[in-house]
Structures are given as structure tokens and as C-alpha cells.
1. In square nanometres, what is one fourth of the surface area of the convex hull spanned by the alpha carbons of segment 96-146?
2. Would you list V121, V38, V49 from fewest to most Cβ contacts within 10 Å?
3. In the chain, what is the volume of the convex hull around the alpha carbon atoms, normalised per residue and reported in Å³?
4. Would you mind checking the pairs K78/K143; K20/K58; K34/K58; K55/K78; K12/K126; K4/K120 and listing those with alpha carbons more than 25 angstrom apart?
5. Choose one of V142, L99, Q48: the residue whose Cα lies farthest towards the positive end of the charge dipole of the chain (beta-carbon charges +1 Lys, Arg; -1 Asp, Glu; about the Cα centre).
Amino acid sequence: MTLKERITEDMKSAMRAGEKERLGTIRLALAAIKQREVDERITLDDGQVLTVLEKMIKQRKEAITQFQSGGRADLVAKESAEVSILEAYLPARLSDAELDALITGAIAATGAASPKDMGKVIAAVKSQAQGRADMGVVSARVKEKLAPR
């Protein structure tokens, strides 16, 4: 079963169970997936669906920050609930040790020696860590490892 099919099945079960908040979030996710498919005239595979979900999670986390600074606890709670529903579709997160091993392997594989080679390393890591690690964290760690000593 593809990720998109799983999300569709979850939408049906949320509908049957009367879970309005969960249903609304799942419908938003399916709408974003469908929008991208229509815009690009393609059928998204699991990796591309993960990218859409990651983008939605990132948007909600940014909104949470804004709502917190604005003192809107009600909206913070709503966005946080949506993030937790969407994160359920992402694969298990990489541990720090696994991420470091992945970065070290990518540096060795690409022959990176300086911060100029950061793009190559991140591209290599991204293909293996998509949906399993925050790419902002990956970027910071790669930069740290490639920094001149």
C-alpha cells in the first residue's frame, strides 16, 4: 500500500469514527498532494508525498512560532495537533548516531574536503534521510564537519 493510499484509508476511518480534527488535517494533506499532482501532471510516489507532508509540517511549525509570539494558545494547540497527525505518516526519525554515520559516509563517498562541497554531501544525505531527519539539522552538522580546523 502506498503512502497516499494509506492516507486515503485513514481519511475514511476518521470519517467513520467522527474524528473531525483528524479528518480535517488528513483532507488538507490529500488536497496538497492532489494539488501538486495536478500542477505537475504526475502521480506522486512515496518520496514525493513525504516531501509534501514535510512542507506542511514545516509550515505549521512556523505558524506555531508566530502564534506563540502573538499569545494565541488556542491556535498553537490546533497547529500542534495537526503536526502530530501529519508526523504519523513520516518514517521513524534517525538517531543522532545514525545521522552522524550517514553524514560521515556521505562525506567519504563524495570526497568532500571543504565547506564548498557542502551541497554534494547534503544531496547524498537527503536521498537516504528524506522524511527521517530535519534537513536544517543535517545542514548544520555537515557544515560543522566540513569547517576548517
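All of the numbers you see were taken from the coordinates with simple rules; none came from a lab. Given the structure is predicted, the values throughout are model-derived calculations rather than measurements. As a convention, Cβ positions derive from the backbone with ideal geometry for all residues, glycine included, and neighbour counts pool all protein chains shown.
1. Taking a quarter of the hull surface, the average projection is 2.9 nm².
2. V38, V49, V121
3. Looking at the chain, the number lands at 150 Å³ per residue.
4. Details: K78/K143 35 Å; K20/K58 22 Å; K34/K58 19 Å; K55/K78 17 Å; K12/K126 32 Å; K4/K120 30 Å.
Cα-Cα > 25 Å for K78/K143; K12/K126; K4/K120; rest within.
5. Of V142, L99, Q48, it is V142.
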